[in-house]
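Report on the following structure.
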Amino acid sequence: MNKKQRNMLVRIIIASAMTVALQFIGVGGWLRLALYVAVYLIIGFDILLKACKGIINGRVFDENFLMAVATVGAFALAVYERSGEYMEAVAVMLFYQVGEFFQSYAVGKSRRSIAALMDIRPDYANIEKDGDIVRVSPDKVEIGQIIIVRPGEKVPVDGVVVSGESSLDTSALTGESLPREVHSGNEVISGCINISGLLKIRTTKDFGDSTVSKILELVEDSASRKSKSENFISRFARSYTPAVCYCALALALLPPVFLLLFNGAAFELATFETWIYRALVFLVISCPCALVVSIPLSFFAGIGGASREGVLVKGSNVLETLSKVRTVVFDKTGTMTQGVFEVNAFHDHNDMDIEYSKTRLLEYAAIVESSSSHPIGKSLLRAYGHNVDHSRMSNLREIGGLGVTAVIDGKTVAAGNEKLMKSIGVTPCHCHTAGTIVHIAIDGEYSGHIVLGDVVKPTSAEAVADLRKSGVAQTVMLTGDTHAVAVQTAEKLGIDKVYSDLLPADKVARLETILKVSEGDGKVAFVGDGINDAPVLSRADLGIAMGAMGSDAAIEAADVVLMDDDPMKIGKAIRISRRCLRIVWENIMMALGVKGVCLILGVFGIVSMWLAVFADVGVMILAVLNAIRAMYVRKI
């Protein structure tokens, strides 16, 4: 509980005690009025102040104005009638403030819970200076500098382990409770907690570009990207509040005038008193607090709950779009497969010695692919198993969707797919082995090819089945891989349609076609690894990126980032979004339904000021408590 909430609680307790005491103290006249006014000001001075500031600033019609007019009007009626019944005006303000307190506490609790879940910002970094370990601010650490992370400390900046072994707690980033084992040569990301051994890490990014900064920026900015539901409620509140004020004014004046003119009755002030009271009740009931507070809170809680599960959503508008997804389009490599290729076979076109052929083809392929960020290049380097002498290579040229060319030891080497071979005038040898084929040409002559096989992620097939259970009507795979490999993978995973041999531009064109066909039948989501799929991620109705443990491209290009690369989280993210939207509509229907009924009853004098308080404050508390349910998503 913060200071503001504590002050409010103290005011509520004091006002409640004084109100109860006044029921047993036999005072009357102006002294009674003065005491009740004192209680009223203790509990409601901030509401009156906000109402006055709103009027001065041109924002007249808000809930503070409605509550101020209703309670001051109730006081005025009691003074005019000389009834001494000031209790009702004080009680309305008291109960309203009790509702505001519970709302503030619930919202604060929700924000604190989410902040605790996302409390991954490191406070310091350890660097070695003159033989001592010195703490510095993470943003002072430079790229390439060695930092020391002791057990129990957070990794402050992304980097590579240069010495030490340990287990890392990545649950705040990925939602995965199982620790991740790291040793020398492994990449680590900021925000993880070092559990056991001491690590020395060479930084690869500035703090501002590190994973922890990107994630915090994403979560903080998500509140500014409003959904259609939130925008509707904002517009509704702007029109609704002045409308009910004019309706209340009409309710206070028109019925008694009508009765006077058409019934021929004498002018009776009591008639005006009755309708003014009903108008004040009307104002209390009509406060839009439940809608204005609970709808944004529902989305905020939904985004926070998803973040706890390792699903980062870039705003409530994205969460709303996610709930409408009916077609999911997948990239293959790194998305549904591990992106870890294994060399399965070699074929030398010149029928040379097998071992020599294997060594020569793999050496040239590894050297020419050594600067590539593609998983195939990394796999070739791993299979080669030796350090690459980059001085042997010059004129490196990477051709998107085709492959790489370079000059190695004075020889022009090209490594890539069949399209690359044909583009340089080389006829490749067709391979009957299923897998990803890397063709190699040296000095314009075809030399052979290497066959690599990608490993399917353990949860990919289950993820596709889970999407069907979640209401996704169609699954599609777009890949630059060969038709045989693409079909084999799609059949293994149970994907409906597959399109192969696609360049990045071809993927965008194919996605355009899918978007046109699916128009009117729900939204289309594209799931990619966020490295070479940025154009498609941006073009889809919704881009979902495999975070690759926090890759910059994933966080920048996508609307949703799965921090642990698990495709099972796609179905869960959709279910979280649908549950959140269901809670939003529950609150809208409940608030409008209860208020609508009470407003009609209030016009006919059936609803008292006490019931009006429930229609406003009670519904607001129920809506806020219902909204917080959106944060608890672990069992969804």
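The values are calculated or read from the model by the stated rules, or taken from the named source; none is laboratory data. Note that this is a predicted model, so its numbers are computed, not measured. Here Cβ is always computed from backbone atoms with ideal geometry, including for glycine, and neighbour counts include all displayed protein chains.
Taking the criterion of being in a strand (DSSP E or B), more than 30 Å from I43 (Cβ to Cβ) and at pLDDT 85 or above, would at least one residue in segment 101-124 satisfy it?
Within segment 101-124 (the criterion being in a strand (DSSP E or B), more than 30 Å from I43 (Cβ to Cβ) and at pLDDT 85 or above), the answer is no, since none of the residues qualifies.
Restricting to segment 595-615, what's the tally of residues that are among the small types (G, A, S), touching a helix residue (DSSP H, G or I) at 6+ places or on another chain (Cβ under 8 Å) and within 15 Å of A290 (Cβ to Cβ)?
Looking only at that region, the number is 2.
So, in segment 291-320, of the ones that are small (G, A, S) and in a loop (DSSP other than H, G, I, E, B), which residue ends up modelled with the lowest pLDDT?
Here the answer is G315.
Suppose we filter segment 275-290 for residues that are over 30 Å from the mean Cα position of the chain (by Cα) and not in a loop (DSSP other than H, G, I, E, B); how many remain?
The number of residues fulfilling the criteria is 11.
Looking at G448 and the list (1) over 43 Å from the mean Cα position of the chain (by Cα); (2) on the phi < 0 side of the Ramachandran plot; (3) not in a loop (DSSP other than H, G, I, E, B), which single condition is not satisfied?
For G448, the exception is condition (2).
Quick one: in segment 497-529, of everything that is among the basic types (K, R) and crowded, with 16+ Cβ neighbours inside 10 Å, which residue is farthest from D559 (Cα to Cα)?
Per the stated criteria, the residue is R510.
Looking at L9, L22, L48 in this structure, which one is modelled with pLDDT of 80 or more and either surrounded by fewer than 17 Cβ atoms within 10 Å (Cβ to Cβ) or not in a helix (DSSP H, G or I) (or both)?
Answer to the check: L9.
Have a look at Y80, Y96 and point out the one that is modelled with pLDDT under 75 and in contact with an Asp or Glu (Cβ under 9 Å, 6 or more places away or on another chain).
After applying the criteria, what remains is Y80.
Determine whether V561 is crowded, with 17+ Cβ neighbours inside 10 Å and either at negative phi or touching a Pro at 6+ places or on another chain (Cβ under 8 Å) (or both).
yes
Pairs please, first residue from segment 387-401 and in the same structural domain as L420 (by TED's automatic domain parsing), second anywhere and assigned to a loop (DSSP other than H, G, I, E, B) and modelled with pLDDT of 85 or more, Cβ atoms under 6 Å, 6+ apart in sequence or on different chains.
Within 6 Å, the pairs are R392/D409.
Could you grab me the full set of residues in segment 301-320 that are more than 19 Å from N587 (Cα to Cα) and polar (S, T, N, Q)?
S307
Does segment 488-504 include one or more residues that are more than 35 Å from the chain's Cα centre (by Cα) and not hydrophobic (A, V, I, L, M, F, W, C)?
No, the conditions are met nowhere in segment 488-504.
Of the numbered conditions (1) at pLDDT below 85; (2) assigned to a strand (DSSP E or B), G480 satisfies every one except a single condition; which is it?
Of the numbered conditions (1) at pLDDT below 85; (2) assigned to a strand (DSSP E or B), the odd one out for G480 is (2).
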